[in-house]
Structures are given as C-alpha cells and as structure tokens.
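**Student:** Encoded as structure tokens, here's the structure I'll be asking about.
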Amino acid sequence: MSLEKILDLRGVTKIFGDLPQEALSMLKAGASKTEVQKETGQVVGLNNVSLSVKRGEVFVVMGLSGSGKSTLIRHVNRLIDPTSGEVFVNGRDVLKMSLDELRTYRRTEVAMVFQNFGLLPHRDVIDNVAYGLEVRGTEKRERLETAQRWIETVGLAGYEKSRPHELSGGQQQRVGLARALAMDTGILLMDEAFSALDPLIRSGMQEQLLGLQKELHKTIFFITHDFNEAIRIGDRIAVLNDGELVQTGTPEEIILDPADEYVVDFVRDVNRARVIRVGAIMDKNQLAPCQAEVVENSSCEDVLPLFAHHEWVGVLDENGTRIGGISAKRVIAALARHQALMD
Ligand SMILES: Nc1ncnc2c1ncn2[C@@H]1O[C@H](COP(=O)(O)OP(=O)(O)O)[C@@H](O)[C@H]1O
Ligand SMILES: [Mg+2]
C-alpha cells in the first residue's frame, strides 16, 4: 500500500445492537437503515464506507446529525471497532494492534479536538495544553516549554494561568487545538470542533486552522454538519447520509455535480460565485493570447468584472503558465447550474 494514503477505511460497517449479524446480512442484501432498524431493532451507524485520506490533506466528512460522522471518526483512533471492514493508518491495520501498540498509536500518531472542548476544569491553560505530553511521560520542563510555544501559536499568550471557565468558547477551543498540536502527531482528528462556536468566532478559527496548516502540513480529518465550513476548509469532502457515503470530491466537484437530492440540499445555499474557482470550469483548449489573465484559483467573483472588456480571459497556473481560458458564458453556466452551457 502506498504511504501516500495515510488513512484507509475499507468497507467499514458499524451496527449498534446485540444482533449485528442479522442486520449485516440485511444490509448486504440491500436493505436500508430504516428497514434494518424496523426488522431487527439494530441501529446502522455506518454502512460499507470506504475512503482514503492522502497525507497532508484536509479531509472533511459532512452530513446531517445522526448520519454517522462521529461513528466514523472514532474508528480511526479505534474508540469503536467495526462490525465488518478494515481500518489502515500509515499502512498498519489498526484492528490488529495489541493493547500496547494501540496505546502508543493513540499517544503518538493521532490527536483529537472535541466539539465540547474536553478541557480539564481544575487545570489552568498551560497544564491543559501539556496534559497529553504528561500522559506520554514527557518531563516537566520540556512539556511546559512545548505547551507555551503552542499557546503562543494559537494566540493565547497571557492566558497560561487562566482556568477554562474564565475563557470564551473560542478561547477554550484554542486551548483544545493547542493541546492536540502539542502532541506533534501526523494526524489531527476534529469532530465538530468549531460547531459550538458563534459564526464569527467559528470563521476566525477556520482561518487560523488553515493558516497553521500551511506551515504544519498535517493530515486533518475534520467533521462538520455545516457545508459552508466543509467547502471553506476541505481539500476534499465526503458526504454521509444515514451511514452511507453518497459522494466524495473536491468542493467544486460536489458543488458543480452533486450526486443526489441530499447533496443538492446542502449545495443550494452556497455562494457559488465566491466558491467556484475558474480552474474548475475553464476551457483547457482555449490557449489563444488574451489581454487579461487570472490565476486558476481565482473565484468567479474575481473574474466577472473582466468580462466587461474581454470576451475571453486567460487562465494561468501558479507558475504563470497559461493552462486555459474562461468566458462569461462558462461562468454564467457554472453559477446558473447549467452544465449544458459549458460546451
Ligand atoms: N453507542 C451507540 N449505540 C446505539 N446507537 C448509536 C450509538 N452511537 C451512535 N449511534 C447511532 O448511530 C447513528 C450515527 O450516529 P453518530 O455517528 O453519532 O452521528 P453524527 O455524529 O453524524 O451525528 C445514529 O443513528 C445514532 O443514533
Ligand atoms: Mg457527531
């Protein structure tokens, strides 16, 4: 297996209840979550989910409440064992780890940020951030130095001696983030980490995470029920519905071509002009010289004013190489969800 795939879930099914085998047979025969529950009383958490996450990407799992997101992320650090299927992390079978190996794995390879912060109320900020290192057995001076560094990185300098209850929600989650980052793991698991925060604070946290990621290049497995959050921070997004994966793709792939009505409902409220980048909708054959040019990750919103004076605008890659062209018609087609206009 290529190490490029740092996380690899294969056919993961999770059934909650004491008669999983009967439910499993029904699922294999094509029954739905509702049918299985009606017939057997078992709850389907996940149904045959396969996905792989590449090293260094921000992979978002998005779905309504109850769709199986937490169940999925808990398979990665093996807080949950699947009823069937396999979980590989860094090429290793998580289900085959001994207790000792599992303990080491949880302390060194994955770190988690929780929705409700999960801070220890009687410890001050620096001891909360240093907590994971303490459990790992790092000596005091080193763990406090490391904690201090991360407290500064997330913008909490001066709050070292505060208790969690003295902080706002956004500050508390910065502590949660610093604690996870202090573990220096390759993988960061975030289960609705920003969902409890007010919109403006949440937006600031998203920005901070993206800023950090530019330097840290971690593999981030991020769970959310908020599609706008998913498209803002995800390199790729997997959409879960009733325990089943209905679509996996880049934000543009999902917005431009939603797999079913469930996904369409999420996509409906997106500000398409701001989200869809010209690189995703350009004509790759349009390489004739143009008077105006933009880079491929410009948004439709950015390029629209240029059409007042130009029929075609050239599209450049990061290195300034011409890779295609974009016309007003193509932008309108993408904004109006009119695939046929593309040709
Ligand atoms: N320990 C459990 N026992 C029984 N059912 C559970 C358990 N954990 C989750 N479920 C069920 O599994 C489904 C997925 O839950 P969950 O993964 O928590 O969804 P999400 O995180 O997307 O809101 C839901 O129907 C939920 O009720
Ligand atoms: Mg959840």
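**Student:** Among ARG143, ARG123, which comes first, then next, by fewest other beta-carbon atoms within 10 Å?
**Tutor:** Taking fewest neighbouring Cβ atoms as first place, the list is ARG123, ARG143.
**Student:** Another question, if that's okay. Running Debye on segment 118-174 with equal point scatterers at the Cα sites and no solvent, what base-10 log of I(q)/I(0) appears at q = 0.16 Å⁻¹?
**Tutor:** Evaluating at q = 0.16 Å⁻¹ gives log10 I(q)/I(0) of -0.42.
**Student:** Under a point-charge model restricted to the Cβ atoms of Lys and Arg (+1) and Asp and Glu (-1), what is the dipole moment magnitude of the chain relative to its Cα centre, in debye to the nearest 20?
**Tutor:** 600 debye
**Student:** So, one more: Roughly how many Å is it from the Cα centre of segment 121-156 to that of segment 170-189, as a whole number?
**Tutor:** The two parts, judged by their Cα centres, are 11 Å apart.
**Student:** Semi-axes, largest first, in whole Å: what does sqrt of 5 times each Cα gyration tensor eigenvalue give for segment 237-289?
**Tutor:** Working through the eigenvalues yields semi-axes of 27, 12, 8 Å.
**Student:** Greater than 19 Å separation of Cα atoms is the criterion. Which listed pairs, LYS28/LYS69; LYS140/LYS214; LYS69/LYS214; LYS33/LYS69; LYS33/LYS96; LYS5/LYS28, meet it?
**Tutor:** LYS28/LYS69; LYS140/LYS214; LYS69/LYS214; LYS33/LYS96; LYS5/LYS28
**Student:** Out of all DSSP beta bridges with both ends in the chain, state the antiparallel percent to the nearest 5.
**Tutor:** 55 percent
**Student:** Next question, about the same structure. Fewest Cβ neighbours within 10 Å first, please rank ILE237, ILE255 accordingly.
**Tutor:** ILE255, ILE237
**Student:** Take the Cα atoms of segment 2-108, find their three principal axes, and give me the spread along each one in whole Å, biggest first.
**Tutor:** 42, 29, 24
**Student:** A further question follows. List every residue whose amide H lies under 5 Å from the amide H of VAL61, counting only residues 5 or more places away in sequence or on a different chain, with H placed 1.01 Å from N in the peptide plane.
**Tutor:** Result for VAL61 returns PHE222, ILE223, THR224, ALA238.
**Student:** Average the reciprocal distances over every distinct pair of alpha-carbons in the chain, invert the result, and give the Kirkwood radius in Å.
**Tutor:** One over the average 1/r among Cα pairs gives 22.1 Å for the chain.
**Student:** A further question on this structure: How large is the dipole of segment 273-342 about the Cα centre if only Lys and Arg carry +1 and Asp and Glu carry -1, each at its Cβ, rounded to the nearest 20 debye?
**Tutor:** 280 debye
**Student:** Take LEU316, LEU46, LEU181 and order them by how many other Cβ atoms sit within 10 Å, fewest up front.
**Tutor:** LEU316, LEU181, LEU46
**Student:** In whole Hz and in residue order, list the ³J(HN,Hα) couplings for segment 307-323 that follow from phi through the Karplus curve 6.51 cos²θ - 1.76 cosθ + 1.60, θ = phi - 60°; x for Gly and Pro.
**Tutor:** In residue order, the calculated couplings are 6, 5, 10, 9, 7, 10, 10, x, 10, 10, 7, 4, 8, x, 7, 6, 10 Hz.
**Student:** With charges only on Cβ, +1 for K and R and -1 for D and E, what is the dipole size of segment 1-102 about its Cα centre, in debye, rounded to 20?
**Tutor:** Here the size comes out at about 280 debye.
**Student:** Would you mind computing Rg(Cα) / (2.2 N^0.38 Å) for segment 273-342, counting N as its residues?
**Tutor:** 0.97
Every number here is computed from the coordinates shown, using simple stated rules; none is lab data. Just so it is clear, the model here is predicted, and its values are computed rather than measured. Note that we place each Cβ from the backbone using ideal geometry, even for glycine, and neighbour counts take in every protein chain shown.
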